[in-house]
Amino acid sequence: MQYQLKIGDQDFAVTVEAQPAAGLRVSVNGTPYDVTIVQDASSAPLPRVAVAAPVREPAPAESAPGTTAVQGAVLAPIPGLILEIKVRVGDPVQVGQTVAVMEAMKMENNLTTHLSGVVKEILVQKGSEVATGDAVLRIG
């Protein structure tokens with residue numbers, strides 16, 4: 001199921017997929033997370049989620065303000081600070097490989113690549129502030 005969520009001033013595209021053993025696979029702005037459902041100490045039953053109508057994908061648009069249109073780019077899913085770049089120009093990368101680490105909302109977030117290839121260009125450096133949708137690096 002897909003959802004558009006707003007937390008404070010930030011918009012998030014969230015996809016939730018059921019997994020066996022009471023877990024979930026959740027993608028937030030394209031970054032996948034494995035989530036375990038944990039009940040609180042009161043042992044209250046988990047809330048049931050009603051199935052909503054699917055979210056229509058917005059029509060492709062030109063780059064929105066604050067985003068960088070770069071083909072093959074790994075984009076920052078939320079605003080934050082780049083803590084580490086884990087690859088170099090010329091390094092081969094595979095789908096799902098962590099290529100950078102950023103701090104956002106007081107949490108470290110791994111930035112993973114959505115395609116395989118070779119790192120062609122690194123567009124930020126350690127300590128860079130990035131906005132949602134900013135290109136971090138380009139893979140070709």
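The values are calculated or read from the model by the stated rules, or taken from the named source; none is laboratory data. Bear in mind that the values here come from a model prediction, so they are computed numbers and not experimental data. Positions of Cβ are generated from backbone atoms using ideal geometry, with glycine treated the same way; all protein chains shown enter the neighbour counts. Keep in mind that these areas ignore ligands, DNA and RNA; they rest on the heavy atoms of the full protein, side chains included. Shrake-Rupley method; radii C 1.70, N 1.55, O 1.52, S 1.80 Å.
If the condition is being open to solvent by less than 40 Å² (accessible area, probe 1.4 Å), more than 14 Å from residue 83 (Cα to Cα) and β-branched (Val, Ile, Thr), then segment 118-140 contributes 119, 139.
Residues of segment 92-117 that are open to solvent by 50 Å² or more (accessible area, probe 1.4 Å) and not basic (Lys, Arg): 92, 94, 95, 97, 103, 105, 107, 108, 110, 114, 116.
Restricted to strands (runs of 3 or more DSSP E) entirely inside segment 90-140, those with at least 2 residues that are without any contact (Cβ under 8 Å) to a residue 60 or more places away in the chain and not basic (Lys, Arg) are 98-104, 107-112, 117-122. With the structure loaded, tell me whether residue 112 is within 18 Å of residue 13 (Cβ to Cβ) and at pLDDT 90 or above or whether it fails that test. Yes. Entry remark, segment 76-89: residues being part of a loop (DSSP other than H, G, I, E, B) and open to solvent by less than 70 Å² (accessible area, probe 1.4 Å) number 5 in total. Taking the condition at pLDDT 55 or above, part of a strand (DSSP E or B) and open to solvent by 80 Å² or more (accessible area, probe 1.4 Å), does residue 33 pass? So residue 33 fits the description; yes.
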